[in-house]
1. Only one residue in GLN76, GLN82 is part of a helix (DSSP H, G or I), at pLDDT below 75 and over 24 Å from GLY179 (Cα atoms). Which one?
2. Answer with yes or no whether LEU190 is open to solvent by less than 50 Å² (accessible area, probe 1.4 Å), touching a Leu at 6+ places or on another chain (Cβ under 8 Å), within 23 Å of LEU36 (Cα to Cα) and of a type outside the set (D, E, K, R).
3. With open to solvent by less than 30 Å² (accessible area, probe 1.4 Å), aliphatic (A, V, I, L, M) and touching a Ser or Thr at 6+ places or on another chain (Cβ under 8 Å) as the only criterion, which of LEU180, LEU203 stands out?
4. In the stretch 137-220, which helices (runs of 4 or more DSSP H) lie fully inside it and hold 3 or more residues that are hydroxyl-bearing (Ser, Thr, Tyr)?
5. Is it true that some residue in the stretch 6-23 is crowded, with 23+ Cβ neighbours inside 10 Å and at pLDDT 85 or above?
6. Being surrounded by fewer than 23 Cβ atoms within 10 Å (Cβ to Cβ), aromatic (Phe, Trp, Tyr), touching a residue at least 12 places away in the same chain (Cβ under 8 Å) and closer than 14 Å to SER72 by Cα: is that true of PHE175 here?
7. Hey, among the residues in the stretch 218-249 that are surrounded by fewer than 17 Cβ atoms within 10 Å (Cβ to Cβ) and among the polar types (S, T, N, Q), which one's farthest from PHE152 (Cα to Cα)?
8. Just name the residue that is surrounded by the fewest Cβ atoms within 10 Å (Cβ to Cβ) out of those in the stretch 108-136 that are part of a loop (DSSP other than H, G, I, E, B) and hydrophobic (A, V, I, L, M, F, W, C).
Amino acid sequence: MDIVYTIWLRNVKRYLRSKSRIVGSLGMPLFFMLMLGFGLNSIVSIPGMEEGYMEFIIPGIVAMSVLFTSVSSGIQIIWDKQFGFLKETLVAPVSRLEIMIGQTLGGATTAVIQGLILMVFALFIGLEPAGIVGFLVAIGFMALIGVTFTAFGIAIASRMEDMHGFQLIMNFVIFPIFGLSGALFPINSLPAWLRPLTLANPLTYGVEGIRYGLSGTAQIHPLISLAVMAGCATLMTVVGAYLFRKIST
């Protein structure tokens, strides 16, 4: 467990010391939240829901911030490969599983911190959480999203050497994941052919879990969302650990 803690602490410290990374990662989520939220709040109504469009998209934007930060944590693996740190770590007499878990928990923690910053900002523009318990529920789902997609990013990065190629592949993958998550539109209003794709997307359940925690309403039962996200987090950790162990030294 000392190895897991050390790797986790390294990732968190690097994140907290990089002020430009923190500020830069908030740019796109804030743009979506402010431009779409304020721009469409007065003209878009959510069928079957009393909340306005601003309150509807805030959980989705928080999930987007966690998603992007989590997946980008995989770049750390490629960065460590190029500068030799990963090789030194892998040849040490420690378990690769512990190294991978430390990387995953570190990436997930930074993603949750990023999401929390966005949630605090949202409090000043109209977010009214259902209560402290709901706030904690939202944080729990943020953590599950963080673990799932950090492990996903590590799995992809484990098979790559080029940082730019990784970024291109991640952009190709994560934008459809976000777009089909129901973050910006109600699942129930989707066309019949698109709804199965949305329900097959693990981020959908994370978004609905955060939405339930913050507003008390959701289009998917929170226990179903919890079960799906917990299962996805476990599965992706296993896959990520398997591919990480295949890295050659």
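1. Testing whether each residue is part of a helix (DSSP H, G or I), at pLDDT below 75 and over 24 Å from GLY179 (Cα atoms) leaves just GLN82.
2. no
3. LEU203
4. Per the criteria, 202-215.
5. No: zero hits.
6. For PHE175, the condition - surrounded by fewer than 23 Cβ atoms within 10 Å (Cβ to Cβ), aromatic (Phe, Trp, Tyr), touching a residue at least 12 places away in the same chain (Cβ under 8 Å) and closer than 14 Å to SER72 by Cα - is not met.
7. Among those that are surrounded by fewer than 17 Cβ atoms within 10 Å (Cβ to Cβ) and among the polar types (S, T, N, Q), it is THR249.
8. PHE124
The values are calculated or read from the model by the stated rules, or taken from the named source; none is laboratory data. Model, not experiment: these values are computed from the prediction. Neighbour counts run over all protein chains shown; Cβ positions are idealised from the backbone, glycine included. Note: accessible area is taken over every heavy atom of the protein model, side chains too, but ligands, DNA and RNA are not part of it. Shrake-Rupley method; radii C 1.70, N 1.55, O 1.52, S 1.80 Å.
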